[in-house]
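J.: Can you read through this structure? Questions will come right after.
Nothing in this text is a laboratory measurement; each read-out follows from the coordinates by a stated rule. Since we're looking at a predicted model, the values are computed, not measured. With ideal geometry, Cβ positions are generated from the backbone for all residues, glycine too; neighbour counts draw on all protein chains shown.
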Amino acid sequence: MTLSESQKKYLRGLGHQLKPLIIVGNAGLSQSVLAEYESTLAHHELIKVKLRTDDRSSRDEMIKKLCTAYYAELIQCVGNVALIYRANHDKKAHKRLRIPSR
């Protein structure tokens, strides 16, 4: 899934008011964190993930793993908070997050 810049801008606007739903601590991406991430992303479609790490490269690796392993797209990363989107086509049409067309 590839989003255009205008679609990402729209999602950034929606994500501005969101609070982080997943917090990754110093232990990193454990199986329980990944299971919670998967279910939360499936339910909300657009979530914020807070990564508590001092190392920039390990933070970027964790974000990359979260996006590639679960077919999600990174919308924005500010500091240690990442805004991630994945459409859920199993939800009813009126309950899905609607983003503008390209």
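J.: Could you grab me the full set of residues in the range 74-102 that are surrounded by 13 or more Cβ atoms within 10 Å (Cβ to Cβ), aliphatic (A, V, I, L, M) and in a strand (DSSP E or B)?
T.: LEU74, ILE75, VAL81, ALA82, LEU83, ILE84
J.: Among the residues of the range 1-45, write down those that are over 19 Å from TYR71 (Cα atoms) and surrounded by fewer than 13 Cβ atoms within 10 Å (Cβ to Cβ).
T.: SER6, GLY13, HIS16, GLN17, LYS19, GLY25, ASN26, ALA27
J.: Let me ask something additional. Under 9 Å between Cβ atoms, which residue pairs at least 6 apart in sequence (or on different chains) link something in the range 17-40 that is closer than 18 Å to ARG59 by Cβ with a partner that is assigned to a helix (DSSP H, G or I) and among the β-branched types (Val, Ile, Thr)?
T.: Matching pairs, first to second residue: LEU21/THR40; ILE22/VAL33; ILE22/THR40; ILE23/VAL33; VAL24/VAL33; GLY25/VAL33; ALA27/VAL33.
J.: Among all residue pairs at least 6 apart or on different chains, which show Cβ distances below 8 Å where the first residue, located in the range 76-96, is in contact (Cβ under 8 Å) with a residue 60 or more places away in the chain and the second is exposed (fewer than 10 other Cβ atoms within 10 Å of the Cβ)?
T.: Close Cβ pairs satisfying both conditions: ARG86/MET1; ALA87/MET1.
J.: Just the residues that are part of a helix (DSSP H, G or I) and touching a strand residue (DSSP E or B) at 6+ places or on another chain (Cβ under 7 Å), please, taken from the range 57-73.
T.: Once the filter is applied, which keeps residues that are part of a helix (DSSP H, G or I) and touching a strand residue (DSSP E or B) at 6+ places or on another chain (Cβ under 7 Å), the range 57-73 yields ARG59, MET62, ILE63, LEU66, CYS67.
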